[in-house]
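Each reported figure results from applying straightforward, stated rules to the coordinates on display, with no laboratory input. Owing to the predicted nature of the structure, the values given are computational and were not obtained by experimental measurement. FYI the Cβ positions are ideal-geometry reconstructions off the backbone, even for glycines, and counts take in every protein chain you see.
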Amino acid sequence: MTHKKMETLLGRQGAYLDAIYYCPHHPEKGFKGEIKELKIDCECRKPKSGMLIQAGKDFNIDFEKSWIIGDSERDLIAGKNTGARSVFISSERSEYADFYAKNLKEAVDIILNME
């Protein structure tokens, strides 16, 4: 789903995004048509926390009062590195997860019931 489509669908439900962050880098090389300048090991690619840290600066986020919801361990590790609590949307278990959910709605319910 493209970012514009996601923003449109969320907007129809009354939800709006302040920003969207993404990492254009990919450290693995050797793919047809790859852009060599983007083949770097950067701080913004999860599980590193560069994008989250940038968002924290941009929006004055207190990570110790924040949550990350993810469907991969890379998401959870990035959040943990900032001090955020986590909800893992997965049937798998992870040492990085504080809570588990079957879907996004359940993850949000967990967070709202913790506050």
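Observations
- Ordering Glu106, Glu73 from the fewest to the most neighbouring beta carbons within 10 Å gives Glu106, Glu73.
- Computed helical MRE - 222 nm, the chain, DSSP H runs ≥ 4 contributing -39500 (n - 2.57), nearest 500: -10000 deg cm²/dmol
- Partners of Lys5 within straight-line reach, counting aspartates and glutamates whose Cα lies under 19 Å from its Cα and excluding those fewer than 8 residues away in the same chain: Asp18.
- In the chain, the longest principal axis of the Cα atoms and the axis of helix 104-114 are about 50 degrees apart.
- Alpha-carbon radius of gyration plus Dmax, which is the widest Cα pair, for the chain in Å: 15.7, 48
- Of Lys4/Lys57; Lys46/Lys80; Lys57/Lys80, pairs whose Cα-Cα distance is over 20 Å: Lys4/Lys57
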